[in-house]
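The values are calculated or read from the model by the stated rules, or taken from the named source; none is laboratory data. None of these values were measured; they are calculated from a predicted model. Side chains included, ligands, DNA and RNA excluded: accessible areas come from the protein's heavy atoms. Shrake-Rupley method; radii C 1.70, N 1.55, O 1.52, S 1.80 Å.
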Amino acid sequence: MIENNMKTIRGKRAMLHSDLAKLYQVSPEYLNKQVSKNSDCFPETFLLKLTPQELNAFKGEAFPYAFTEQGI
C-alpha cells in the first residue's frame, strides 16, 4: 500500500496526508491535529506543506501536507 501511494513532490518521495491517515487507520482530521500539536516533531525533511498549485494537482486532497519517506 505504501509504494502505491507514494508521489514525487519537489523531487522527494512523499505520501499525501489523506493516504497516510488511511494507512494508520485514523481520520485525516486526527492526523492534522497531531501535526499541528507536535509541529516541532515534523521538520521539512519529514513534512512538506503543499502549495496551492500542488493541492490543485492532487484533486480531492483537503489537507495541505505530504509526508516524506522519513516522516512516514
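What accessible area per residue comes out for the chain, rounded to a whole number of Å², with a 1.4 Å probe?
65 Å²
Kirkwood hydrodynamic radius (Cα pairs, Å) of the chain? Mind dumping the intermediate values first?
Details: mean 1/r = 0.0825 Å⁻¹.
For the chain, inverting the mean 1/r across all distinct Cα pairs yields 12.1 Å.
When the solvent-accessible surface of protein heavy atoms is calculated with a 1.4 angstrom probe, in what order do THR45, THR8, THR68, THR51 fall, highest first? Mind dumping the intermediate values first?
Numbers: THR45 80, THR8 100, THR68 0, THR51 50 Å².
Largest to smallest exposure gives the sequence THR8, THR45, THR51, THR68.
As a test of the formula, what do you get for the chain when each DSSP H run with n ≥ 4 contributes -39,500 (n - 2.57) and the sum is divided by the residue count, at 222 nm and rounded to the nearest 500 deg cm²/dmol? Don't skip to the end; give the middle numbers.
On the way: 4 runs with 27 residues, N = 72.
The helix-only estimate for the chain comes to -9000 deg cm²/dmol at 222 nm.
Percent of accessible area on the chain owned by carbon and sulfur, 1.4 Å probe?
Numbers: 2430 of 4660 Å².
Percent of accessible area from carbon and sulfur atoms in the chain: 52.
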